[in-house]
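Okay, structure first, notes after.
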Amino acid sequence: MGNIKTTYLLCLLLALTMGITVSLLFKTKGLQNDLQEQITTHERFSEQIALHQQLLDIDSLLVDGNYQQALQSYREQDRLFKEISDSRIGLRIALAEKMDDMHRQIVTDSFQETEKSIDTNQVHMVATPREIKQYDSISFALEKAKVQLSRMRRLVQQKSFGEYLTFTSSKGSQVHYVGQVKNGKAQGQGVAILSTGSRYEGEWKNNLRHGNGTFYWADGQSYEGEYSNDKRHGIGTYHWSNGEKFVGLWKDDQRTGEGTFYGKDGKVVASGIWEDDKLIAANKP
């Protein structure tokens with residue numbers, strides 16, 4: 001009887017050991033797969049960051065006024081940059097062409113004005129309204145490009161920019177995040193791609209958009225400004241894909257406070273005090 005019990009216990013112990021071993025093997029395999037997936041994702045993001053850095057280097061040429069060189073570099077790298085979903089390489093090429101044309105036109109006009117001044121023995125040269133408008137347009141485009149370039153360079157240069165996280169946003173979307181991390185959560189500067197196809201670049205706090213940032217929707221709309229606890233809150237500008245925009249104060253994702261709505265032609269459509277996304281007191285013309 002004693003031998004039977006001993007044999008039974010040994011068989012039971014062997015069965016438990018085999019069960020635990022099989023379970024550990026499955027868990028180990030799962031962990032290996034997860035690790036490989038994390039490595040693959042990290043490598044993909046590293047490649048994306050390298051491409052962004054290369055794109056920023058070319059953007060620097062555009063900002064510095066080397067339009068022809070920037071245009072040539074954009075065209076040479078067109079196929080490569082198309083792998084970056086948010087590179088907007090076509091828009092960059094169009095902008096470089098436009099700025100180069102404007103620069104050429106300004107130089108031509110200035111030369112013609114100089115010849116005219118010499119022919120008429122005029123001592124002083126006065127900029128025409130057209131030249132002033134062109135210079136203003138170029139200055140505005142350059143300043144905007146400098147701000148965007150500075151922000152992206154700051155993101156790339158962060159020491160912890162390569163850290164990668166996945167989590168669920170406060171609105172239920174899956175978030176793929178690369179940036180600064182603290183206590184296992186997105187904290188500081190970072191870039192995130194959402195499962196909806198949207199993208200956010202800016203400041204974070206405890207996995208929430210908090211501070212200054214820019215959010216790009218998949219349909220072409222965007223918001224640039226302040227956030228608080230994952231909501232538009234503070235001063236911000238909302239751009240519609242048709243060219244319309246709103247500039248003003250926000251609270252809990254809604255227009256609340258002083259603000260101005262502009263049409264796609266840049267003219268003021270409505271201005272005044274807003275509450276819960278509605279204009280409640282219009283400014284007098």
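Values in this text are rule-based calculations from the coordinates and carry no lab data. Please read all numbers here as calculations on a predicted model, not as lab measurements. FYI the Cβ positions are ideal-geometry reconstructions off the backbone, even for glycines, and counts take in every protein chain you see.
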- Task: Scan the stretch 223-239 and report the pairs whose first residue is under 13 Å from T256 (Cα atoms) and whose second residue is of a type in the set (F, W, Y) and surrounded by fewer than 19 Cβ atoms within 10 Å (Cβ to Cβ), with Cβ atoms within less than 7 Å and a gap of 6+ or a chain change.
- Result: none
- Item | Selection from the stretch 251-285 of residues that are out of contact with any Leu (no Cβ under 9 Å at 6 or more places or on another chain) and closer than 27 Å to D230 by Cα | K251, D252, D253, Q254, T260, Y262, E275, D276, D277, K278, L279, I280
- Task: Tell me which residues, restricted to the stretch 182-209, are crowded, with 20+ Cβ neighbours inside 10 Å and small (G, A, S).
- Result: A186, G190, A192, G202
